[in-house]
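Structure first, commentary second.
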Amino acid sequence: MVWLLWKQYRFELASVALAIGALTVAAVWITLRLDEIRPLPECLEYWMENGGNGPGCEDVRPWLGRLEEEAGQITGLLLFIPMIGGILLGSVLVSREIEHRTAQLSWSLSASRRRWLAERVLPVAALLAVLLGALSIAAELLQGARDPSVDPRATLEGYGLRGLPLVSRGLAVFSGAVLLGALFGRQLPALILALAVSVAGAWAILGAFPYGAPTEWTASDGGGYLMEIPEGSRAVGYGFRSEDGTILTWDEAYAAVPTGLSDPEQWIYRNLTPVQEIVRAEHLLQIELRETSILLAGAGLALLGTFLVVDRRRPY
Amino acid sequence: MVDGSAPVPALEAGGLSKRYRRGVLALQAVDLTVAAGSITGLVGPNAAGKSTLMKTFVGFERPTAGEVRVHGVDPWRDRAGALDRLGYVPQSPSLYRSLTVREHLDLAAHVRPGFDHVSAGEHLSDIDIPLHSRPSSLSGGQQAQVMLAIALGTGADVLLLDEPLASLDPLARTEFLALLRSAIRERRATVLLTSHIVTDIEQICDRLIVLGIGRILFDDALATAPAVHRALAGYQTVPDGLVEVGRFPDDSGEPIILLRTPEGSGTASSGEQVARPATLDEIVKGYLVAGRRLHRAAATCCARWCGSSGSSTASSWRAWL
């Protein structure tokens, strides 16, 4: 059956496997190139503080060059390739059978449409998971090479572009696209709509970060407007803390200060302290698991919906 | 039957109606029983409801009203139970472009327990269809043959063949019918075959059903149908002892009147001596014309009565239409 599945969808399967495989290889290759000339931590530190090579440190500039030119290009692809792979594989899986009317043959032969669907969805989903799994590991290694001073598992830098979310996002998009394909029964509308829904879904899922993981409001030591956050953490909200400890939004703070004080730096003197809501890097795994659970639950629901649709719909 | 009860028909439809979402009424209160082992031809014009009837038996369409059964099993409620007894050839060949003929047989063997891969392959080899070829390299007739071979390979005792001959040339039609005939003889299968071509039905079927405007207009055994029907050429009055069914032009434009003996009457009458025996083609055309005339009459009555909503007359005409 897997062989027949391959023959039916070889263009999509080969394209997605090639794209994700190439991206994985590229990530590993860039990781190796960065590691090749990785500067010493003290050199990087000197560069960050002084903007130039420190004594005995010549490799920082070429290393940063490679980082910007090569690793930067990969990052954008890491966001889109899993999504596009999921859409490309998912949207055609059922819709092509209906559009080409081959479902009439399969469904009149197969006593169980659910089994028929499972036999096409599960191998393709498994393949996608394996491909994205390899890519997520490569992306994790790349993150380690990009910032050698921090363990990639101890920073939220590059969150979502590596690790579990990379896999679960691809699978969620795939499942949604399969459902749309079953609903519409036409490849192109399913493809276009899956793309639109995925973009909306990505916007929603990114907006829901950190998925209920603990956050905290912090102010900089000096109480200034521009703040640094603890290494590896990520800011998820901004506001002002009033004297009684209440957190105000920008709009609320603006309304609370006298007219004319448009510069937030001046608000400090009205006892409004700029604060940031941050999520600490130690919650990385928790956040990843939460997002993965949400996405896999969504994927499960989409597949359940697909089973219901396929069970009830006409094969044309 | 050991217990004395009536044998379960292979196919059964009772009060079957199907209305599509756009309001098109494809089938109206169709009652049909196809006995096991019979070969029934279903004839009708386009949009008569033939394919819809087939699809309700396969479980692809859900009846709006009434019910269908395959060997006593409702295909909508117990799809597996019904499909287990069915082999289906859809109107348009539904072959995978990317798979070879052999791979189609592999696929069928995978999804259908008990599929006879060997005999299906042999059927196709006998008619010189290479198993390594793809559908794109096969003619329409060969594709239909592949679909039939798959349906036969299932070993199902009921075959639903939805206009499999439509796109075939005369030779391909003959080959298709020969393959079908030998397969039916081997296993005593029940066949419901739709077609536009009456001569094909005549060659293979033992019963004819004419379906038009979603209703069964005629249903009789092929052996007895010509005996009770007569055709009269030209504009003539209907002879005594015969009932007019419908008037239609023949191929040269000459009007033909299809007549039938009233039910229960004897075979000999003065009218029957005037009119010649009707051909099957004439019988089909006569009933289709009669169905169309009835539909027009109903539409006219509805135009008059259907405006007065709620009246029993209006609802009767609406129901008819």
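Restricting to the stretch A:93-122, name every residue that is within 30 Å of A:Gly163 (Cα to Cα) and more than 23 Å from the chain's Cα centre (by Cα). A:Leu93, A:Val94, A:Leu117, A:Ala118, A:Glu119, A:Arg120 - these are the residues of the stretch A:93-122 that are within 30 Å of A:Gly163 (Cα to Cα) and more than 23 Å from the chain's Cα centre (by Cα). For the stretch A:268-293, a residue qualifies if it is at pLDDT below 95, among the polar types (S, T, N, Q) and at negative phi, and the qualifying residues are A:Thr273, A:Gln276.
Identify all residues within the stretch A:47-93 that are aliphatic (A, V, I, L, M) and more than 30 Å from A:Leu296 (Cα to Cα); write none if there are none. Answer for the stretch A:47-93, where residues must be aliphatic (A, V, I, L, M) and more than 30 Å from A:Leu296 (Cα to Cα): A:Met48, A:Val60, A:Leu64, A:Leu67. Applying the selection to the stretch A:287-313, what residues are basic (Lys, Arg), within 19 Å of A:Arg186 (Cβ to Cβ) and in contact (Cβ under 8 Å) with a residue 60 or more places away in the chain? Hit for the stretch A:287-313 is A:Arg313, nothing else. When B:Thr237 is tested against (1) assigned by TED's automatic domain parsing to the domain that holds B:Ser17; (2) surrounded by fewer than 18 Cβ atoms within 10 Å (Cβ to Cβ); (3) assigned to a loop (DSSP other than H, G, I, E, B); (4) not hydrophobic (A, V, I, L, M, F, W, C), exactly one condition is not met: (1).
Among residues of the stretch B:234-254 being touching a residue at least 40 places away in the same chain (Cβ under 8 Å) and of a type in the set (A, V, I, L, M, F, W, C), the one that is nearest to B:Ala297 (Cα to Cα) is B:Val245.
When each of B:Arg276, B:Arg304, B:Arg230, B:Arg260 is tested for being at pLDDT below 90 and closer than 24 Å to B:Val30 by Cβ, the lone residue that passes is B:Arg260.
Out of the residues in the stretch B:62-116 that are more than 10 Å from chain A (Cβ to nearest Cβ) and under 25 Å from B:Gly141 (Cβ atoms), which is surrounded by the most Cβ atoms within 10 Å (Cβ to Cβ)? Residue satisfying both the conditions and the ranking: B:Val101.
The single residue among B:Leu16, B:Leu53 that is touching a residue at least 40 places away in the same chain (Cβ under 8 Å) and in a helix (DSSP H, G or I) turns out to be B:Leu53.
The values are calculated or read from the model by the stated rules, or taken from the named source; none is laboratory data. This structure is a prediction, so every number in the text was calculated from the model and none was measured. No Cβ is skipped: glycine too gets one built from the backbone with ideal geometry, and neighbour counts run over all protein chains shown.
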